[in-house]
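Student: The structure is given below, and queries will be raised subsequently.
Each reported figure results from applying straightforward, stated rules to the coordinates on display, with no laboratory input. The shown structure was predicted, so the numbers you read here are calculated from the model rather than taken from an experiment. Positions of Cβ are generated from backbone atoms using ideal geometry, with glycine treated the same way; all protein chains shown enter the neighbour counts.
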Amino acid sequence: MDDVAIARRMCEQGMFAHGLSSWYLKPPVTHGLLISFTNVVSRDMARQLGERILPLL
């Protein structure tokens, strides 16, 4: 999984994400995403965000 590419695609869609692999100074490098969700006021809104993210993975 290219976490940096996924984060870039999310940012292009107006969401915030950061690929954690870019934080490693030395091996072993692992991958992951730091994702920020703010102003999510309902389950429906959270579901909609998830549906926007899923195709970007």
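Student: Write down, largest first, the equivalent ellipsoid semi-axes of the chain in whole Å, where each equals the square root of 5 times an eigenvalue of the alpha-carbon gyration tensor.
Tutor: Semi-axes from the Cα gyration tensor: 24, 11, 9 Å.
Student: Order of 30-36, 2-8 by packing, highest average Cβ count within 10 Å first?
Tutor: The packing order, highest mean first, is 2-8, 30-36.
Student: Just need the relative contact order of the chain here, percent rounded to a whole number, with Cα pairs under 8 Å and 6+ apart.
Tutor: Answer for the chain is 32 percent.
Student: Turning to a different aspect of this structure: Would you calculate the separation in nanometres between label points at TRP23 and ARG47, each defined as 7 Å from the Cα along the Cα-to-beta-carbon direction?
Tutor: The two pseudo-label positions are separated by 3.1 nm.
Student: Per DSSP helix of 4 or more residues, -39500 (n - 2.57); summed, then divided by the residues of the chain. What does that give at 222 nm, rounded to the nearest 500?
Tutor: Value at 222 nm, helices only: -11000 deg cm²/dmol.
Student: Stretch ASP2-LEU57 to full length: gain in nm at 0.36 nm per residue minus the Cα-Cα span?
Tutor: 18.9 nm
Student: Just to be sure I understand the model, the point goes 7 Å from the Cα along the line to the Cβ. What's the resulting LEU34 to PHE16 distance in nm?
Tutor: The two pseudo-label positions are separated by 1.0 nm.
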